[in-house]
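Step one of this worksheet: look at the structure below.
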Amino acid sequence: MENMFRLMGSEDFSDRKRCIWVNGPVIVGAGPSGLATAACLREEGVPFVVLERADCIASLWQKRTYDRIKLHLPKKVCQLPKMPFPEDYPEYPTKGQFIEYLESYANKFEITPQFNECVQSARYDETSGLWRIKTTSSSSSSVSEMEYICRWLVVATGENAEKVIPEIDGLTTEFNGEVVHSCEYKSGEKYRGKSVLVVGCGNSGMEVSLDLANHNANASMVVRSSVHVLPREILGKSSFEISVMLMKWFPLWLVDKILLILAWLILGNLTKYGLKRPKMGPMELKIVSGKTPVLDIGAMEKIKSGEVEIVPGIKRFSRSHVELVDGQRLDLDAVVLATGYRSNVPSWLQENDLFSKNGFPKSPFPNAWKGKSGLYAAGFTRKGLAGASADAVNIAKDIGNVWREETKRQKMRTRVGHRRCISVA
């Protein structure tokens with residue numbers, strides 16, 4: 001509270017009606033990372049406020065994913081802290097089931113985010129020792145500004161906050177067909193019988209191509225660089241679980257060698273289809289660069305049958321076709337950009353110790369969750385939901401320890417003051 005009084009005395013602290021003092025941390029983002037952190041703080045007895053720019057929790061899943069998407073990893077490694085998935089859920093829950101799980105999670109831990117609150121800036125006030133988070137919120141009739149004042153700030157906006165749109169010659173200036181990012185793609189039904197180019201060969205690109213082929217679209221997929229493709233399951237067991245198990249016993253290079261041999265036995269030689277593997281193994285590449293191997297759920301069958309054509313890099317677009325770097329020209333009706341996402345943290349967080357310019361923490365996992373001056377990061381580990389859950393547990397314990405110690409001291413001061421009043425009387 002002393003910090004709050006110092007802040008109120010500062011020059012730019014005006015219009016008190018628009019300022020809110022948060023007796024606990026502010027969590028920016030109501031996706032899985034933010035929800036997990038809030039739930040763990042609830043269990044620690046620490047109050048919090050969650051700010052979310054969208055009008056719902058998990059907006060990436062609810063509004064920016066295609067209809068057929070499922071969790072790529074088994075549910076037991078994707079569950080959030082303190083609450084497992086329902087037993088009757090399949091091994092790989094659907095989009096609808098995951099959203100239902102997250103809504104139940106928020107209800108169980110009484111998490112009620114402040115929706116439509118878009119953070120414009122967050123900075124640490126050295127004078128008061130507090131964080132100042134400025135937001136804008138819009139309704140049908142007006143736009144309002146708010147400032148939240150708190151001691152702890154948890155950044156939980158995630159690795160996929162903003163879509164990445166590549167600059168390709170002629171794409172936006174000359175091409176007359178439809179252009180969508182994979183976050184806007186819902187189903188291949190509307191593309192039935194049309195020629196569609198998918199730009200990107202990660203998990204999203206592969207799955208969009210599969211969905212297009214299943215709806216009888218003429219799908220082509222751009223593969224410019226090397227990519228690891230692994231079967232989602234090997235002998236009925238998740239490739240992810242097998243890799244984790246192997247890494248407990250063998251060095252990383254040997255684990256990668258075993259995975260690649262198993263992938264070759266199941267999927268065959270993919271080079272002849274235009275898919276070259278990186279020199280670095282799949283698990284080493286994941287650890288070093290964060291690049292996740294593609295987990296095949298059916299796209300390879302479509303590629304082998306010719307229902308999905310692999311093409312090289314793009315040279316330029318014109319009115320109704322694309323010219324490739326090898327001289328091919330493809331007539332097109334639409335383009336789907338499966339070109340990924342990026343962090344948006346640098347656009348609003350005024351800080352340069354914890355986060356780097358690319359919007360990710362400077363320190364590698366497992367030390368990326370805590371910065372200075374009460375700043376925390378949840379869900380930037382490049383280790384999926386399991387990494388986000390680990391961050392949430394660590395953050396809540398760290399804040400909870402300080403919270404309980406200060407609450408204990410406050411109670412002691414109150415009791416001492418009370419006894420003095422009695423003795424004076």
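Just so it is clear, none of the values below were taken in a lab; they were calculated from the coordinates. The structure presented is a predicted model; accordingly, all values stated were derived computationally and were not measured. Quick reminder, even Gly has a Cβ in these numbers, built from the backbone with ideal geometry, and neighbours come from all protein chains shown.
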Worksheet item: Since ARG68 meets every condition but one in (1) surrounded by fewer than 22 Cβ atoms within 10 Å (Cβ to Cβ); (2) farther than 23 Å from THR292 by Cα; (3) among the charged types (D, E, K, R), which condition does it not meet?
Response: (2)
Discussion item. Would you confirm, using the coordinates I've provided, whether SER243 is surrounded by fewer than 23 Cβ atoms within 10 Å (Cβ to Cβ) and either touching a Gly at 6+ places or on another chain (Cβ under 6 Å) or assigned to a loop (DSSP other than H, G, I, E, B) (or both)?
Written reply: no
Worksheet entry | Filtered residues of segment 229-259 (kept if more than 28 Å from the chain's Cα centre (by Cα) and touching a residue at least 40 places away in the same chain (Cβ under 8 Å)) | none
Worksheet item: Restricting the search to segment 80-116, which residues are within 25 Å of GLY340 (Cβ to Cβ) and not hydroxyl-bearing (Ser, Thr, Tyr)?
Response: LEU80, PRO93, LYS95, GLY96, GLN97, PHE98, ILE99, LEU102
Worksheet item: Limited to segment 165-205, what total is found for residues that are surrounded by fewer than 18 Cβ atoms within 10 Å (Cβ to Cβ) and assigned to a loop (DSSP other than H, G, I, E, B)?
Response: 15
Fill in: Selection count where residues are among the hydrophobic types (A, V, I, L, M, F, W, C) and under 22 Å from ARG232 (Cβ atoms), scope segment 81-109
3
Practice prompt. Find all pairs meeting these conditions: Cβ atoms under 9 angstrom apart; at least six residues apart or on different chains; first residue within segment 94-123 and more than 15 Å from LYS63 (Cα to Cα); second residue of a type in the set (Lys, Arg) and part of a loop (DSSP other than H, G, I, E, B).
Written response: TYR105/LYS82; LYS108/LYS82; PHE109/LYS82; GLU117/ARG53; CYS118/ARG53; VAL119/ARG53
